[in-house]
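Structure first, commentary second.
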């Protein structure tokens, strides 16, 4: 079981993200300073760090799980708080994956991050309460952009015992399980639900597990550290 405890991402739009996530979406604030912002998304922490010296404006792909019966309500809720959803070529705001048995919607935040909200219909987490930000259950995916997807997939399997999940191609692989996934994308591959080409930016991930220490992923600016599940 791979559960994402936190992700730490770079941004040049810290104040805009603070307004968007706290005041527009209502996501609880954990901590805020002049150069960091920590938000509580269900059981996970979403952390942004100011990156004034970055040559480009960093952006990422990540996903929030919601109850499996709440996609339609989530669309209505996002519209009500002024979020514009990304439209697919078939003029739909949502896409269903038969392989994953999951329905997703996408939007961009003020930093250009490709944010996905996903309902995984295989999970027994249906909820009958009206949809609010409290229905954002956790961070379930983080994108990692690499030059060789297959070799990094094999490295994660060998070193961290994190195995592939369903989709595995030369340009895309999901590793982990339905509780948490690292989405390996080839460099410059277009992120689903957007028109943005995947790029490489520093990413720090903390997951629940029995390993100890911090593990770098290949030559990339990606690190994975482990926290005892009792701490979450």
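No lab work stands behind these numbers, since they all come straight from the coordinates. Keep in mind that what you see is a predicted model, and the values were worked out from it rather than measured. Here the Cβ positions follow ideal geometry from the backbone for every residue, glycine too, while neighbour counts run over all protein chains shown.
Taking the condition of being out of contact with any strand residue (DSSP E or B) (no Cβ under 9 Å at 6 or more places or on another chain), surrounded by fewer than 16 Cβ atoms within 10 Å (Cβ to Cβ) and farther than 28 Å from residue 74 by Cα, how many residues in region 127-162 meet it? Spell out how you get there, then give the answer.
Residues of region 127-162 out of contact with any strand residue (DSSP E or B) (no Cβ under 9 Å at 6 or more places or on another chain): 128-130, 132, 134, 151, 154-155, 158, 161.
Those left that are additionally surrounded by fewer than 16 Cβ atoms within 10 Å (Cβ to Cβ): 128-130, 132, 134, 151, 154, 158, 161.
Those left that are additionally farther than 28 Å from residue 74 by Cα: 151, 154, 158, 161.
Looking only at that region, the number is 4.
What's the total number of residues in region 82-122 that are over 13 Å from the mean Cα position of the chain (by Cα) and assigned to a strand (DSSP E or B)?
Summing the residues that are over 13 Å from the mean Cα position of the chain (by Cα) and assigned to a strand (DSSP E or B) in region 82-122 gives 9.
Among the residues of region 48-58 satisfying the criterion of being in contact (Cβ under 8 Å) with a residue 24 or more places away in the chain and surrounded by fewer than 17 Cβ atoms within 10 Å (Cβ to Cβ), which is nearest to the chain's Cα centre (by Cα)?
57
For region 131-170, which positions are assigned to a strand (DSSP E or B) and under 15 Å from the mean Cα position of the chain (by Cα)? Give the steps one after another, and end with the answer.
Here is the first cut: in region 131-170, the residues assigned to a strand (DSSP E or B) are 138-146, 164-168.
Of everything in region 131-170, those that are assigned to a strand (DSSP E or B) and under 15 Å from the mean Cα position of the chain (by Cα) turn out to be 138, 139, 140, 141, 142, 143, 144, 145.
Residue 107: over 23 Å from residue 226 (Cβ atoms), surrounded by 14 or more Cβ atoms within 10 Å (Cβ to Cβ), in contact with a strand residue (DSSP E or B) (Cβ under 6 Å, 6 or more places away or on another chain) and in contact (Cβ under 8 Å) with a residue 12 or more places away in the chain, yes or no?
yes
Considering only region 63-80, I want to know if a residue exists there that is assigned to a loop (DSSP other than H, G, I, E, B), surrounded by 20 or more Cβ atoms within 10 Å (Cβ to Cβ) and either in contact (Cβ under 8 Å) with a residue 40 or more places away in the chain or in contact with a strand residue (DSSP E or B) (Cβ under 7 Å, 6 or more places away or on another chain) (or both).
Yes: region 63-80 contains one or more residues that are assigned to a loop (DSSP other than H, G, I, E, B), surrounded by 20 or more Cβ atoms within 10 Å (Cβ to Cβ) and either in contact (Cβ under 8 Å) with a residue 40 or more places away in the chain or in contact with a strand residue (DSSP E or B) (Cβ under 7 Å, 6 or more places away or on another chain) (or both).
Residue under question is residue 179, and the condition is that it be touching a residue at least 60 places away in the same chain (Cβ under 8 Å) and touching a strand residue (DSSP E or B) at 6+ places or on another chain (Cβ under 6 Å); does it hold?
So residue 179 fails the test.
Could you check region 163-200 and list, in sequence order, the residues that are within 20 Å of residue 45 (Cβ to Cβ) and crowded, with 20+ Cβ neighbours inside 10 Å?
Within region 163-200, 176, 180, 181, 182, 183 meet the criteria.
Filter region 5-36 down to residues that are closer than 18 Å to residue 114 by Cα and in a strand (DSSP E or B) and give me whichever is nearest to the chain's Cα centre (by Cα).
Looking at the filtered set, the residue picked out is 7.
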